[in-house]
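Remarks on the structure that follows.
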Amino acid sequence: MAEQFPHYIEFRHVYKTFDRPVLVDANFHVDGGETVAIIGRSGVGKSVALGHIMGFLKPDQGQVIVAHEDITRYPEDELRRIRRKVTMVFQSGALFDSLTVAENVLFSLELREDYDKQNKSDVVDGLLQLVDILEAKDAYPSDLSTGYKRAVAIARALAAQPQCILYDEPTTMVDPIMSNHLAELMLRLKRQLHLTSVVVTHDLGLMRKVADKVIFLHEGQVIYFGSVDGLPDADHPFIEEFLELDRIVKP
């Protein structure tokens, strides 16, 4: 499969319409071990792109390649196999309120057969230590800030030993210190675990810190796909306006 589909994730001429076109002839790719950020205004198709990668949505036209496989027409049982390789950290965290932090992470391990109970406890502690929240293992999600909930969600995603993590607005509604902490965490996971990542974000500081490449969506179209360093030189008035606005509103 890797010979036929050399990129870990690839969109080939993807179209998706709901009440209006949301993705229009979208083309981009993510190679193994890369972090690619998807940016743009609200409602331009960023989260819809993640939905296609997870197989929650199917394109009206085009192909979606994930984990070197064309998943465009995969049935649900095949998509479940793909989702063992590719996991998503939702903006809400999607944690179980009735479970402690440790139990939330353990939930992902219970689906695996390669740990006994003692091993699972050690692995949970190791994962929580990796994301710097071991001291909160007995807390409940309601006790945690938004940023800490995101860190727990990342630990739970890692418990499944994925090859790729999708982050949906990981720094939205968190303070600058926690935002920086999450960015450092994402970098550390990339370096230590060689994870492939796709990050949907409005946070250009996060993009500059963690991304190797950037996809800029505007009115459903990919108007820039390339290096982060090359973005300021992109010859598109909307990108210039977007970057200028970021400079103005920056504290």
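Quick rundown of the values:
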{"quantity": "Selected from VAL222, VAL200, VAL174 as most flexible by GNM, with the chain as the system and alpha-carbon contacts under 10 Å", "calculated": "VAL174"}
{"quantity": "Radius ratio Rg over Rh of the chain, counting only Cα atoms, Kirkwood formula for Rh", "calculated": "0.97"}
{"quantity": "Net dipole in debye of region 88-205 [+1 Lys, Arg Cβ; -1 Asp, Glu Cβ; about Cα centre; nearest 20]", "calculated": "300"}
{"quantity": "For THR35, residues with placed amide H under 5 Å, excluding near neighbours", "calculated": "SER197, ASP212, LYS213"}
{"quantity": "Extended-chain gain in nm, criterion 0.36 nm per residue less alpha-carbon gap, LEU134 and MET173", "calculated": "11.8 nm"}
{"quantity": "Counted charge near ALA151, where neighbours are those whose Cβ lies closer than 13 Å (Asp, Glu -1; Lys, Arg +1)", "calculated": "+2"}
{"quantity": "Label zone at GLU219 (point 7 Å along Cα-to-Cβ), backbone N below 15 Å, region 8-27", "calculated": "20-26"}
{"quantity": "Antiparallel %, DSSP beta bridges [both residues in the chain], to 5", "calculated": "55"}
{"quantity": "Degrees, to the nearest 10: 117-130 long Cα axis against longest axis of the chain", "calculated": "50"}
{"quantity": "Set of aspartates and glutamates near LYS120 by C-alpha distance (under 19 Å), chain-local residues within fewer than 8 positions excluded", "calculated": "GLU103, GLU110, ASP132, GLU135, ASP138"}
{"quantity": "Most positive-pole-ward Cα, LEU217, HIS194, ALA139, against dipole of the chain from beta carbon charges", "calculated": "ALA139"}
{"quantity": "Kirkwood Rh, angstrom, region 99-161 [1 / mean 1/r, Cα pairs]", "calculated": "11.3"}
{"quantity": "For region 181-251 and region 38-73, distance of Cα centres in Å", "calculated": "18"}
{"quantity": "Helix-only CD estimate at 222 nm, as mean residue ellipticity for the chain, using -39500 (n - 2.57) per DSSP H run (n ≥ 4)", "calculated": "-11000 deg cm²/dmol"}
{"quantity": "Tilt relative to the chain, helix 176-193 - C-alpha long axis, 0 to 90 degrees, to 10", "calculated": "80"}
{"quantity": "Among ILE154, ASN119, THR100 the positive-end extreme of the charge dipole of region 99-161 (Cβ point charges)", "calculated": "ILE154"}
{"quantity": "Nearest-20 debye value, region 190-243 charge dipole, Cβ charges on Lys, Arg, Asp, Glu", "calculated": "480"}
{"quantity": "Cα long-axis angle, helix 237-249 against the chain (0 to 90 degrees, to the nearest 10)", "calculated": "50"}
{"quantity": "Magnitude of the charge dipole, the chain, Cβ model with Lys/Arg +1 and Asp/Glu -1, debye to 20", "calculated": "200"}
{"quantity": "Whole-Hz ³J(HN,Hα) from phi, Karplus 6.51 cos²θ - 1.76 cosθ + 1.60, for region 66-82, glycine and proline x", "calculated": "9, 6, 6, 10, 7, 8, 3, 10, 5, x, 4, 5, 6, 5, 4, 5, 5"}
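Any read-out appearing in this document is the output of simple, stated calculations on the displayed coordinates, not a laboratory observation. All values derive from a computational prediction rather than experimental measurement. Don't worry about glycine lacking a Cβ; one is built from the backbone with ideal geometry, like all the others, and counts go over all protein chains shown.
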